[in-house]
Structures are given as structure tokens and as C-alpha cells.
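What follows is a single structure, written as C-alpha cells, with notes after it.
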Amino acid sequence: MPLNPQRRATRELVLSPQRMHAAVLAGFLPGASERGRVLWRLDSDSRHELNLYVVSPEAPSFDALAEQAGWSSTPVWRTADYGRFLGRLTVGQRWVFRLVANPIRNVREGSQSSTGDRLPRGSRVPLIKEADQREWLLGRAASCGFGVVPGASGGPNLSVTRSGRHRFGRHSDGLARRVTLQTAQFDGVLEVVDTAALRRTLTEGVGAGKGYGCGLLTLAAAS
């Protein structure tokens, strides 16, 4: 679904993944997230272009979102049966992929922060360095059903094309909280090694932060 980045309402949604998540879920009947994972992602390859991608167990109706943040001169959104595409996946295929994810590491007993403070067990520490972010994804690729193919230099055909930290408010159980979300956009070329695992990844997402626009892996034909 194309969104209009020049509209004030659109900019407000982009600044708050919590609001954006609520706007996406408003396009489904109540309980949609209980019937299956709703994944979404915002892609912006230029300041004049902003596209919303959604993978969900049922087709949405984004009339309210179109009125709030869409373009009046273009079709408001398009949907397709994802099952047909998933059914055509086979081992050995190569695809160009994009993933926006929340790369983190889980703290173990006795770990320390970068300032030397002891972190409580179970804490999640965001990965800031590009090398750590790449290693994070490469370490999960096999369990997600794919391998990253070698690039021209011989290393993995994988780039972190955008990285950022988002801070926004979240209201839960009557309490206001401040959320900090580290994100990384990965672009590269993958090869299918396990079709069942890759189908699961494409419909259930990768990593944490799925409610905040992370985890949605998309594929496109490799040239």
C-alpha cells in the first residue's frame, strides 16, 4: 500500500511504530493477531516514496488508513494470495531479499554493559555495529531456511543498507512507557535450503520487534 509521506498524519505514524501497528491492526476484524501473525514493514527508498507491506492470515481492509495517510490519486492497496508464491518455493532457488529487523543479543549471567555496569539476566542488548548486525542475521539464516550466497568479493552477498534507533511512547495497562528500538535493514541474495522453514519465516517473521515493523522478510526475483 503506498502512503503519502508529505501528509502530517503519515509522518506521525512513521515516528511511532506503536501507532503504525495500531493502524495496521485496525484494518482487520478483532482477533486477527490471534488467528495468525500480522507482519508489516515500511519501505522508503526516497523521500517521496513510502510503501507499507503486510503479510497476514487474512486480507485487510485499509479504508481508514487510506483516508488518514494514503494517496487519493492512486489505488489504495493491493492484495494477493501468498499461498501460491509459498507453494512455488524450492530448494536451490535464489532470491533477492530485504529484511528490517531488531538485532539484539540476550544477556547471560554476569554480562556487563559497554559502561561496565552489570546487566540483569534476560536483558536484551541492541547490536549497534554493522559487523555485529550482519553476524546476527548470518547466524539465524539456516534456521530460517536459507543461506546467504557469496558476493563478488567472496564474502556473503549481504549489506546493512539502513540502521537507526527509534524512540517512542507506548501505553499498556494504563501505564506510559518509553520504548527504544534498534533496527537494521538488510539487503542481499539468498538461496533456499529448507522450504518448510523458509515458508514459516516468511509468515511468522524473524527476530523480535514484530509488532513494531520488524521481522518481515520479502523476496524478489534475482536477475
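No value in this document is a laboratory result; all are computed from the given coordinates. Just so we're clear, the structure is a prediction, and the values are computed from it rather than from any experiment. Glycine gets a Cβ as well: all are built from the backbone with ideal geometry, and neighbour counts include every protein chain shown.
Each of S153, S44 was scored by other Cβ atoms within 10 Å of its Cβ. Listed from fewest to most, they are S153, S44. Across region 46-94, counting alpha-carbon atoms alone, Rg and Dmax equal 14.7, 43 Å. Estimated purely from DSSP H runs of n ≥ 4, each contributing -39500 (n - 2.57), the mean residue ellipticity at 222 nm for the chain is -6500 deg cm²/dmol once divided by its residues.
Exposure proxy for T180, T203: other Cβ atoms within 10 Å of each Cβ, ordered fewest to most, give T180, T203. Under 10 Å, Cα contacts only: if you run a Gaussian network model on the chain, which one of G205, G36, G87 comes out with the highest mean-square fluctuation? In this elastic network of the chain, the residue with the biggest mean-square fluctuation among G205, G36, G87 is G87. All alpha carbon pair distances within region 2-79 were sorted into 10 Å bins beginning at 0; the resulting P(r) in whole percents reads 18, 56, 24, 2.
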